[in-house]
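Peer 1: Structure provided below as structure tokens; questions to follow.
Taken together, the values in this text are just the output of simple stated rules run on the coordinates, not laboratory data. None of the values given here were measured: they were computed from a predicted structure. So basically every Cβ, Gly included, is an ideal-geometry build from the backbone, and we count neighbours across all protein chains shown.
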Amino acid sequence: MIAGINDLATLEPLLEKQWSEKNKIKPTEVSIGSHGGGHTFQELAKDAKAVYHVKRVVLVNTEIVDEYLENFRDEL
């Protein structure tokens, strides 16, 4: 992760505005994605076909994601 290039604050300025001061790290110290081999929310949303692009905005229908995840409930 390179601050000013691919950190959360640079790539998602709207999320940076919502960042809590209670967090121990700054949005410039966070990258977007998964750090544990698990799926990222972005990957799950794409797999669920719940991602919509409107101009430069990406929207996710979380109801569709929830329904998609229900398919895997018995596997947990």
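Peer 1: Between Asn6 and Ile64, take the C-beta separation as r, use R0 = 30 Å, and let me know the FRET efficiency to the nearest 0.05.
Peer 2: Given R0 = 30 Å and the Cβ-Cβ separation, E is 0.60.
Peer 1: Fewest Cβ neighbours within 10 Å first, please rank Leu69, Leu44, Leu14 accordingly.
Peer 2: Taking fewest neighbouring Cβ atoms as first place, the list is Leu14, Leu69, Leu44.
Peer 1: Could you give the nm distance between label points at Lys22 and Asn71, where each point is 7 Å from its Cα heading toward the beta carbon?
Peer 2: Each label point lies 7 Å from its Cα, and together they span 3.5 nm.
Peer 1: Run the reach check for Lys24 against aspartates and glutamates, Cα to Cα strictly under 15 Å, same-chain hits fewer than 8 apart removed. What comes back?
Peer 2: Within the straight-line cut-off, Lys24 pairs with Glu16.
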